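Encoded as structure tokens, the structure appears first; notes follow it.
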4 protein chains.
Amino acid sequence: MIGHRFMGRAHSNAWRQVARFFETPFEPVLKVVCGRDPQEVERAANELGWEEASVSWRETVARPDIDVVDVCTPGDTHADIAVAAALSGKHVLCEKPLANTVAEAQRMLAAVTATGVTHMVCHNYRRVPAVALAKRLIEEGRLGRLYHFRGVYLQDWIVDPEFPRVWRLEKSKAGSGALGDIASHSIDLARYLVGEIEEVAGHLETFIKERPLPGSEEMAPVDVDDAVLSLLKFEGGAVGTIEATRFALGRKNYNSFEVNGSRGSLAFNLERMNELELYVEEGPESGFRTVQVTDASHPYMKAWWPPGHIIGYEHTFTHTVHDFLLAIDEGRIPSPSFEDGIRNQKVLDAVERAAQSRSWEKV
Amino acid sequence: MIGHRFMGRAHSNAWRQVARFFETPFEPVLKVVCGRDPQEVERAANELGWEEASVSWRETVARPDIDVVDVCTPGDTHADIAVAAALSGKHVLCEKPLANTVAEAQRMLAAVTATGVTHMVCHNYRRVPAVALAKRLIEEGRLGRLYHFRGVYLQDWIVDPEFPRVWRLEKSKAGSGALGDIASHSIDLARYLVGEIEEVAGHLETFIKERPLPGSEEMAPVDVDDAVLSLLKFEGGAVGTIEATRFALGRKNYNSFEVNGSRGSLAFNLERMNELELYVEEGPESGFRTVQVTDASHPYMKAWWPPGHIIGYEHTFTHTVHDFLLAIDEGRIPSPSFEDGIRNQKVLDAVERAAQSRSWEKV
Amino acid sequence: MIGHRFMGRAHSNAWRQVARFFETPFEPVLKVVCGRDPQEVERAANELGWEEASVSWRETVARPDIDVVDVCTPGDTHADIAVAAALSGKHVLCEKPLANTVAEAQRMLAAVTATGVTHMVCHNYRRVPAVALAKRLIEEGRLGRLYHFRGVYLQDWIVDPEFPRVWRLEKSKAGSGALGDIASHSIDLARYLVGEIEEVAGHLETFIKERPLPGSEEMAPVDVDDAVLSLLKFEGGAVGTIEATRFALGRKNYNSFEVNGSRGSLAFNLERMNELELYVEEGPESGFRTVQVTDASHPYMKAWWPPGHIIGYEHTFTHTVHDFLLAIDEGRIPSPSFEDGIRNQKVLDAVERAAQSRSWEKV
Amino acid sequence: MIGHRFMGRAHSNAWRQVARFFETPFEPVLKVVCGRDPQEVERAANELGWEEASVSWRETVARPDIDVVDVCTPGDTHADIAVAAALSGKHVLCEKPLANTVAEAQRMLAAVTATGVTHMVCHNYRRVPAVALAKRLIEEGRLGRLYHFRGVYLQDWIVDPEFPRVWRLEKSKAGSGALGDIASHSIDLARYLVGEIEEVAGHLETFIKERPLPGSEEMAPVDVDDAVLSLLKFEGGAVGTIEATRFALGRKNYNSFEVNGSRGSLAFNLERMNELELYVEEGPESGFRTVQVTDASHPYMKAWWPPGHIIGYEHTFTHTVHDFLLAIDEGRIPSPSFEDGIRNQKVLDAVERAAQSRSWEKV
């Protein structure tokens, strides 16, 4: 595993836990974790349960005793690591967004395709049981023809103008702000649930134009977006909106969506991720019902606890790793693949172009 | 009062009730109700408590024993009636949207301005106590600098493709579909709470292109929008989205908005119109709180019942009529005036232009 | 109408409005309102729309030009007024609780029965559309065999120990505290929805034992209960709990219940009185659904507004008056009748006895 | 660890995870898991991450290479195992209810006290961060003087009369039904948050008197309660109700409570365990606020994820194990101790006596 901070912790947990709760084709061995600072990566290995620590991802991805490389670094390093891993014949799981540009992402897809390794991009929210259930219901036709997708991803962690200019607020590292970090999740969910996006309008806004550098009083420019607004046309005829912001006070991780179809609707909010709001038209006693997605018949839930006993955020990574292992075993490319990562990247790119051109842009 | 259907019933109730619950400068007398069908208007007069019925609005607005004309007809007739009423020196309350075009609306404003009568457009949702409280909190600075407005107005009454092609689905009568009917409410709330809108992007969609004529099997084209999506830039630097649709199954009258500022947020949904969701940043035990807007200190609520005893939809019209009477008495132009109606119309117009040009348009 | 304060205002509104929204067999004429203070009752007549004001309920109930007497006074005067009205051949609508003691209530029932007039006790919450819908669903068997009733009526208006010792806190006037004032509503709903109560356990608590007299610094004892807790056994085999308190900070008029049966459950809260939470067991995608009880097919709602346009507290009185007028016309005794009032009183009485004896008591 | 089913899985996870997320004084080694069936316990060891499997708890608790014994078996075996473990000098963590009778529980307390080992009963819901936050707020006086506790624990897993007569429905194994299984949790929370219970009234109900034996058509009697209702008086002057049932359709694991005090209220529901509803009286814009208990400053949450990223059911066991390890290290008896277990048992016992005597009973 390359990277050991927020995502590294979540992925490590997934690798440790997956075989404790699921029947998996392989028993994962947590071999090496990589980072830049020798002391920190050593500490991380210890804390997160890895056998070894390394400061060289290049050496690590080349090791013969490793089968899978899991990329949990900032977006600007994804391409180099993933390509090297693929060339060493490792299966690659990569954090989202797949890359900071479409070109990088295409280079990655070329590498994994050429070498035939299994590849997956970690849009873990597809593996929230409620989201997977939403997908199942849509595929079963329970919502009928889809008309609307309404994605709203709200956070509030940088509302304070004194919050420092961390790497996520720097274009050269993060690629973009709310767009690539959180709107990309909404876009992935839109594509997953409704289908391909054809055309977009958009707007990017940076409310606070400069911030102090971390641990300093020196100010530095913020060159990524604080918020992104967009309108969407889907190939299938549905329309949508996606809004993502880090300036919505009180919303901590409010990744929500609503889908309206000719026969029903559904709504989801990550802050209550064990619930799916489902509306099925069946006369005057219809209403949005709160389905507790904790039943053994619901996606992934048989592995966990009895109904009403909820799971948490990190479980979505465990489900991702589980499906990745299954795909490796069965020689399939799981979803979302690097190709999905590219399509996502192309939508992000179209939104940026639309924000620039002040016009609708084709994806 | 001209018109006696849905809006006519709501307005009649307001005129009957206002002096029973509020101290008003005048005791309204429900003199004449007008309509086109003699029998129906007679029945309406009886049912709704009017002294007389008439089939001629022209004669009615000219009567010397009438002081106020209340226009509750479809949008295409507003201008003629309001202008005639103004020229007869009557104070005019007009249903929204003020008119079907900006030009008509300007003609109306010219007439009421020239004759010096009191004028008001009935955007009744400004007078929901929770909305008026939201306004008060924003004006007090409780939300700080405003960043986001998120308006979503969802209904589902025409999802069924067999639902007939009524007048509201006909451009020549209704002017537009969801845009003028319900997005206009969201636009009014956005202007009321956040300020003037500078620029918009937009999309209009008609999912069902033809429908049966009422009581017939003959199909007729639907030439208004089923749904409208838009992005907004406000003069003050905030950004926003407004979406309105009649195709959101399960949402009956879901006129909702959220405002995020640098110090707090608030959210409202008309289906729970006696509640305001308020977030004030005050450390880790903050959270969106459900304020029951039923306290005597809340706008309009002293007139009604004790805390926790809610009011209904029609009360918003009573509040509107109350404020209109006060303004007449005090010789002021109340808000929203016909000028607000025009500004609203101009935003609607910009959204239509943007939907056409596929680009952002100035209001 | 006798009495013109809180209940008087709500009843007056009902008498004024009923024929504006419903087809009624009679057009009510608001003849005389009675009160003790000549000036106040005059003002009330004016404000509430009554033709005359009187300080003598005895004269009023004897007038030949009156058909209906509506009793809205404190509980200690109900019996005398209702009996006199009945003996004058007037139909009697009486606020709840029917009386302060079972003996008084029985005297009232004897009078109305002997004279054959129509009688009804105003448990207006039966006429909340959501509650009437709950009743309909239970009667249709949608919940199956009933197991549980859970009634919780919470208010907070006397939490402040400085709140004065008003008449509602005086046993000689009010009969009891939370018990007769609000638990009586929960008991009525329990009987309405589940059936007769057989046996109870109970506890009455007075947290603040003395309070200042209104407008004075002199303290006076509080000799009624601040809160009542009870357990119930129903004749049909269900069990229940009812709790009512005026000491639940933040709960304004939280009259809520939940019913669980072998096939479904439902839950209601008066603060969101236009909604019914309904659970119907139908596999893993079941969930409590929020039914917006605003459809034309729902009880009473055809008279009001389109779906999603909510009604308020006072409408429940309009519904009550409507059903009372229908019953008069049809020569039926409506529900809840004075007999229901007595049964309710008997449950209140059993709770008081149980609180005293520290044992279960038969009703 | 003795026992490897539902509780065994949850405890195993806690032992595996605690040192991955928390700084602990010891690194737990999962040595031996015990069960009755050799094959099943072998499989469990493998699946849950234990080094060895054993069919003899007696041998296991006597092993010198074991420091801690964790008892996850049905209630009838707790006493023997815990006493033996204590006599071997092991620290003992025991699932709730501590025992099936007060006498057994006292024998257990005597053993752990005599041998000086650390002891704890696993009422894991005290370690839900929202519950621990509730406790902190109450201790800080944020709620003022406490008036009401309202505990409702609802499940629905045996509503179907065909659900088999499993061990949890057999008095000789389980001791009681909803009473010991889930009401015991509510009682623990009541004691934790409000204080000692003085006196109770109660009722036990068995709706379905016999059920088929598992995998058989033969019917067997159900001799435990399906539901329990109780009224409580606390030593400090507060009053309360606790209801627990397995017959509330649609409620999966609805362990909820509300506490009302003179300055504020709070409400919790385990199905949304990452949230605490908090009401603080601060004027007309007060309201119940939904606190997302996911902030680093909230109990236990610093160890997990950023705000808005929720945790799940099993984390409460990890927190329990964490606090147990800390207590061992510091030589303290953690809370809830076996003494708390006994007090809990005494309340259960009083409820049973009250249900029998049909009178209030002292604890």
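If you take the charge dipole of segment A:6-125 about its Cα centre, with +1 on Lys and Arg Cβ and -1 on Asp and Glu Cβ, which of A:C34, A:T73, A:C94 is farthest toward its positive end?
A:C94
Work out the mean other chain Cβ neighbour count within 10 Å for the residues of B:236-249 and drop it here as an integer.
That average works out to 5.
Rounded to the nearest 20 debye, what is the charge dipole size of segment D:1-121 about its Cα centre when +1 sits on each Lys and Arg Cβ and -1 on each Asp and Glu Cβ?
Approximately 200 debye in magnitude.
In terms of Cα to Cα distance under 12 Å, which aspartates and glutamates are near enough to A:K90, apart from those fewer than 8 places away along the same chain?
A:D65, A:D67, A:D70
What is the average number of partner chain Cβ atoms found within 10 Å of a Cβ in B:133-145?
1
Run the reach check for C:K302 against lysines, Cα to Cα strictly under 24 Å, same-chain hits fewer than 8 apart removed. What comes back?
B:K252, C:K135
Segment B:269-336 to segment C:1-62: how many Å between their Cα centroids?
28 Å
Neighbouring Cβ atoms within 10 Å as the yardstick, rank C:I333, B:I342 fewest first.
Lowest to highest Cβ neighbour count: C:I333, B:I342.
With only Lys, Arg, Asp and Glu charged, each at its Cβ (+1 for the first two, -1 for the last two), find how big the charge dipole of segment A:128-362 is about the Cα centre; round to the nearest 20 debye.
Here segment A:128-362 has a charge dipole of around 240 debye.
Tabulate in residue order the Karplus-calculated ³J(HN,Hα) for segment B:297-303, using 6.51 cos²θ - 1.76 cosθ + 1.60 with θ = phi - 60°, rounded to whole Hz; enter x for Gly and Pro.
7, 7, x, 6, 7, 4, 6
For segment D:6-125, compute Rh as the Kirkwood radius over C-alpha pairs and then the Stokes-Einstein diffusion coefficient at 20 °C and 1.002 mPa s; write the answer in µm²/s, rounded to an integer.
146 µm²/s
Ranking B:R16, A:R150, B:R36 by Cβ neighbours within 10 Å, fewest first, what do you get?
Fewest-to-most Cβ neighbours within 10 Å comes out as B:R36, B:R16, A:R150.
For chains D and A related by rotation, which residue of D has the Cβ nearest the axis, and what is the rounded distance in Å?
Output: D:G312, 2.
Taking each label point as 7 Å beyond Cα in the direction of the beta carbon, state the distances from B:R58 to the same residue in the other copies, shortest first, in nm.
6.5, 9.1, 10.9
Once the Cα atoms of segment C:224-363 are picked out, what are the Rg and Dmax in Å?
According to the Cα coordinates of segment C:224-363, Rg and Dmax are 18.4, 52 Å.
So what's the gap between the Cα centers of segment B:206-260 and segment D:86-127, to the nearest angstrom?
The distance from the Cα centre of segment B:206-260 to that of segment D:86-127 comes to 63 Å.
Pick out, in residue order, every one of the GluC sites (Glu not before Pro) in segment B:1-99 that is DSSP loop and has at most 15 other C-beta atoms within 10 Å; say none if there are none.
B:E23, B:E51
To one decimal in nm, how far is A:G237 from the same spot in the other copies, if labels go 7 Å from Cα toward Cβ? Please give the shortest first.
In nanometres, ordered from closest: 4.5, 5.2, 6.9.
Return D:I66, B:I197 ranked ascending by Cβ neighbour count within 10 Å, so the fewest neighbours appear first.
D:I66, B:I197
Kindly provide the helix-only [θ] at 222 nm of chain C, computed as the sum of -39,500 (n - 2.57) over DSSP H runs of four or more divided by all residues, to the nearest 500 deg cm²/dmol?
-10000 deg cm²/dmol
With each pseudo-label sitting 7 Å past Cα toward Cβ, what's the B:E23-C:R332 distance in nm, one decimal?
4.6 nm
Taking the simple approach of a point 7 Å from Cα along Cα-to-Cβ for both D:D37 and B:S359, what is their distance in nm?
7.4 nm
Suppose we keep just the alpha-carbon trace of segment A:140-270; what are its Rg and Dmax in angstrom?
Taking only Cα atoms of segment A:140-270, I get Rg and Dmax of 16.6, 56 Å.
Choose one answer from D:V321, D:V131, D:V291: the residue with the largest mean-square fluctuation in a GNM of chain D with alpha-carbon springs under 10 Å.
Answer for the Gaussian network model of chain D: D:V291.
So for chain C, taking the charge dipole from beta-carbon charges (+1 Lys/Arg, -1 Asp/Glu), which of C:Y192, C:T318, C:L348 sits furthest toward the positive end?
Positive-end residue among those listed: C:Y192.
In sequence order, what are the phi-derived ³J(HN,Hα) couplings for segment C:311-326 according to the Karplus relation 6.51 cos²θ - 1.76 cosθ + 1.60 with θ = phi - 60°, rounded to whole Hz, with x for glycine and proline?
With coefficients 6.51, -1.76 and 1.60, one gets 10, x, 3, 5, 4, 5, 6, 4, 5, 4, 4, 4, 5, 5, 5, 4 Hz.
Could you work out the mean count of beta carbons from other protein chains within 10 Å of each residue's beta carbon in A:199-212?
3
Provide Rg over Rh for the protein assembly as shown; use the alpha carbon set for both Rg and the Kirkwood Rh (inverse mean inverse pair distance).
Rounded to two decimals, Rg/Rh equals 0.98.
Among all the lysines, which ones have a C-alpha under 18 Å from C:K96's C-alpha, if same-chain residues fewer than 8 places away are not counted?
By straight Cα distance, C:K96 reaches C:K171, C:K173, C:K346.
Would you work out which of D:H123, D:A84, D:V18 lies farthest towards the positive end of the dipole of segment D:6-125? Charges go on Cβ: Lys and Arg +1, Asp and Glu -1.
The residue sitting farthest along the positive end of the dipole is D:H123.
Per the Kirkwood definition applied to all pairs of different Cα atoms, how many angstroms is the hydrodynamic radius of segment D:127-362?
Taking the inverse mean of 1/r over all distinct Cα pairs, segment D:127-362 comes out at 19.1 Å.
Obtain the nm distance between the two label points defined at B:K173 and D:R63 by a simple spin-label model: each point lies 7 Å from its Cα along the Cα-to-C-beta direction.
8.3 nm
Each value in this text was obtained by applying a stated rule to the coordinates, not by laboratory testing. Only a predicted model underlies this, so the values are computations on that prediction, with no experimental measurement involved. Note that we place each Cβ from the backbone using ideal geometry, even for glycine, and neighbour counts take in every protein chain shown.
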